[in-house]
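A short write-up of the structure that comes next.
All of the numbers you see were taken from the coordinates with simple rules; none came from a lab. Since the model is a prediction, treat every value here as computed from it, not as a measurement. Quick reminder, even Gly has a Cβ in these numbers, built from the backbone with ideal geometry, and neighbours come from all protein chains shown.
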Amino acid sequence: PSPSPSPIVIAVPKGRILAEALPLLAAAGVVPEPAFGDEKSRALRFRTQDPGIELIRVRAFDVATFVAHGAAQLGIVGSDVLAEFDYAELYAPVDLDIGHCRLSVAEPADLAASNDPRGWSHVRVATKYPHVTAGYFARRGVQAECIKLNGAMELAPTLGLATRIVDLVSSGRTLQENGLVEVERIMQVSARLVVNRAAMKTRAHVFPLVEAFRAAVDRARAA
Ligand code: PRP
C-alpha cells in the first residue's frame, strides 16, 4: 500500500437533502466537523473524524461531475441527475432511500383544465433536464422543444417562456404557489451513492465505505 494517500473525498449536495444525508453519513461512520451541517457556513471542504475521509458540499448536478472526473471518489446524487447525464465513469451501487421526490410535467391549472396530455403533438418545456425530457416525449411520439433553465422553472409558463415545465416535485407546494398542476410523472427519484469506477479499483478505502453505506441503509429500513 502507498504511504499516506490523499483523503477519500465524498461529494454531498447542498440544499434540502443535506438534512437527510447527515444521519445517514453518521450511521455509515462518517462524522463531519460541525460546520458541514451548518447551511450558513461558506466553507466547501470539510474534515471528518477520520483523517482519511473529507466531505465537499456542492450543487446536486455537480456531485456527478466531481465523482465522474475522479475529483471526488464517492458522492450522494439523485437518480434524476444520473438519468440526465448518464456518466459511464459512475457506478451507483446503493439506493440511499433518502431524497424521495418525482420528476414531473406541470402546466398552468387553467391549461390543464382544457387539454388532454394524450392529444399533445408538440410541447415547449422549460427544464433543468433537457435530455430526460426529450427522451420521455420522444418515446411518446411527442416533439419536445426544451428551454434549459437552472432554477425557478415555475416562472416560465406565466412569463411566456414555455407552456409547460419538467421539474422535481416533492410536497407540491412550489407548483401550487405558482399556479401550476402536475399532469404527468416521468420518474420516481431517490438519492444514490455513486462511486468513481476507477477509484473503486485503485483506492482500498472506497469499497469498505460503500459497504458501510449499504449497511446503514439496511439498518434504517429495518428500524
Ligand atoms: C426543488 C424543485 C422545486 C421544488 C419542489 O427545488 O426544483 O422548485 O424543489 O419541491 P416542493 O414540491 O416540495 O415544493 P429546490 O428547493 O430543491 O431548490 P433549487 O431550486 O435550488 O433546485
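Each Lys and Arg Cβ is given +1 and each Asp and Glu Cβ -1; about its Cα centre, segment 124-223 then shows a dipole of about 500 debye. Of the Cα atoms belonging to the chain, the radius of gyration and Dmax stand at 19.4, 67 Å. If every alpha-carbon in segment 91-143 counts as one equal scatterer, what log10 I(q)/I(0) does Debye give at q = 0.19 1/Å? For segment 91-143, the Cα-only Debye profile gives -0.81.
Charges on Cβ only, +1 for Lys and Arg, -1 for Asp and Glu, centred on the Cα centroid of the chain; of Gln176, Val125, Ala21, which one is farthest towards the dipole's positive end? After comparing all options, I get Ala21. Think of each Lys and Arg Cβ as +1 and each Asp and Glu Cβ as -1; about the Cα centre, that makes the dipole of segment 59-106 roughly 120 debye. A simple spin-label model places the labels of Gln143 and Asp38 5.5 nm from each other, with each point 7 Å out along Cα-to-Cβ. Highest mean packing first, where packing is the average number of other Cβ atoms within 10 Å per residue, the peptides 9-15, 80-86 line up as 9-15, 80-86. Of Ser104, Leu90, Leu149, which is farthest along the charge dipole of the chain in the positive direction, counting Lys and Arg as +1 and Asp and Glu as -1 at C-beta? The listed residue farthest towards the positive side: Leu90.
Each peptide in 33-39, 109-115 receives the mean, over its residues, of other Cβ atoms within 10 Å, and ordering these scores from highest gives 33-39, 109-115. In this rough spin-label picture, where each label sits 7 Å from Cα along the Cβ direction, the Glu20-Asn115 distance is 3.1 nm. Using 0.36 nm per residue and subtracting the Cα-Cα separation, the extra length available between Arg47 and Met200 on full extension is 53.0 nm. Taking amide H positions as modeled 1.01 Å from N, with prolines and chain starts lacking one, the residues under 5 Å from Ile8 and 5 or more places away or on another chain are Ile53, Glu54. Phi-derived couplings, Karplus 6.51 cos²θ - 1.76 cosθ + 1.60 at θ = phi - 60°, listed residue by residue for segment 171-179: 7, x, 5, 4, 4, 4, 6, 10, x Hz, with x used for Gly and Pro.
So what is the relative contact order of segment 87-223, in percent, for Cα pairs below 8 Å that sit 6 or more residues apart? Write out the running numbers ahead of the final one.
Numbers: 225 pairs, mean separation 55.8, N = 137.
Relative contact order comes out at 41 percent.
Label point 7 Å out from Asp97 along Cα-to-Cβ: which residues of segment 20-39 have amide N under 17 Å? Residues 20-29 qualify, since their backbone N sits under 17 Å from the label point.
Relative contact order for segment 1-119: what is it in percent, counting Cα pairs under 8 Å that are at least 6 residues apart? Don't jump to the answer; show the numbers that get you there.
Values: 136 pairs, mean separation 33.9, N = 119.
Here the relative contact order equals 28 percent.
I need Ile8, Ile186 ordered by Cβ neighbour count within 10 Å, fewest first.
With the sparsest Cβ surroundings first, the list reads Ile186, Ile8.
Charge dipole (Cα centre; +1 on Lys/Arg Cβ, -1 on Asp/Glu Cβ; no other charges) of segment 1-98 amounts to roughly 440 debye.
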